[in-house]
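First the structure, in the form of structure tokens, and then the observations on it.
The values are calculated or read from the model by the stated rules, or taken from the named source; none is laboratory data. Computed from a predicted structure; not experimentally measured. Cβ placement follows ideal geometry from the backbone for every residue including glycine, while neighbour counts extend to all protein chains displayed. SASA here: full protein model, heavy atoms, side chains in, ligands and nucleic acids out. Shrake-Rupley method; radii C 1.70, N 1.55, O 1.52, S 1.80 Å.
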Amino acid sequence: MAIRVQAEPFDPGFEVNALHDANVGVGAVVSFVGYVRDFNEGREVSGMFLEHYPGMTEKALGKIVLEAEQRWPLLKMEVLHRVGTLEPGEPIVFVGVASAHRQAAFEACDFVMDYLKTRAPFWKKENTSEGPKWVEGRASDKAAAGRWK
């Protein structure tokens with residue numbers, strides 16, 4: 001299982017293929033790729049800046065991954081999150097899960113994304129037509145994470 005927090009761009013297709021490579025026991029790979037949008041809450045977004053606390057962020061992501069590993073029979077998992085300056089259309093987050101069976105992979109990927117949105121210490125500032133704006137957490141994200149308790 002791997003966790004990466006990086007400023008550099010990544011190729012989602014490469015990441016998906018790497019989850020299956022060298023393990024013919026993988027019967028399912030489920031992935032999620034989040035992209036920077038050019039709008040949010042009715043405002044145009046020309047870009048964003050993501051901040052994090054190195055060490056703290058990886059530790060929080062590690063706890064999420066560990067919990068997923070304890071809940072489902074997984075063979076491999078990758079969590080990759082970008083930080084720094086990002087433009088609309090760029091991938092910002094990748095979660096990929098490999099398992100022998102699809103249901104475990106689907107559920108684990110969904111779980112990780114729900115917890116990542118509510119438990120990982122990232123701070124997003126969007127560049128909008130109204131000036132820079134910090135992005136607040138959403139009640140819908142908290143509700144989604146609550147279904148896993």
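Observations on the model:
- Matching residues in region 20-34 - criterion: being over 13 Å from the mean Cα position of the chain (by Cα) and closer than 13 Å to CYS109 by Cα: ALA28, VAL29
- Selection from region 62-73 of residues that are buried (at least 19 other Cβ atoms within 10 Å of the Cβ) and either over 20 Å from LYS142 (Cα atoms) or among the polar types (S, T, N, Q) (or both): TRP72
A quick yes/no check of all residues on (1) farther than 24 Å from PHE14 by Cα; (2) under 12 Å from the mean Cα position of the chain (by Cα); (3) assigned to a helix (DSSP H, G or I):
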| position | (1), (2), (3) |
| --- | --- |
| GLY47 | yes, no, no |
| LEU50 | no, no, no |
| GLN70 | yes, no, yes |
| PHE94 | no, yes, no |
| LEU116 | no, yes, yes |
| LYS124 | yes, no, no |
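- For region 46-61, the set of residues classified as open to solvent by less than 50 Å² (accessible area, probe 1.4 Å) and hydroxyl-bearing (Ser, Thr, Tyr) consists of THR57 only.
- Candidate set from region 96-114 (those that are outside any helix (DSSP H, G or I) and either buried (at least 21 other Cβ atoms within 10 Å of the Cβ) or free of Cβ contacts under 8 Å to residues at least 40 places away in the same chain (or both)); member that is nearest to the chain's Cα centre (by Cα): GLY96
- Entry remark, region 116-133: residues being touching an Asp or Glu at 6+ places or on another chain (Cβ under 8 Å), over 23 Å from LYS59 (Cβ atoms) and open to solvent by 70 Å² or more (accessible area, probe 1.4 Å) number 2 in total.
- Qualifying residue in region 16-34 (condition: surrounded by 13 or more Cβ atoms within 10 Å (Cβ to Cβ), under 19 Å from VAL135 (Cβ atoms) and of a type in the set (S, T, N, Q)): no
- Output for region 47-97, where each listed residue is in contact with a Pro (Cβ under 8 Å, 6 or more places away or on another chain) and more than 12 Å from PHE122 (Cα to Cα): GLY47, GLU90, PRO91, PHE94
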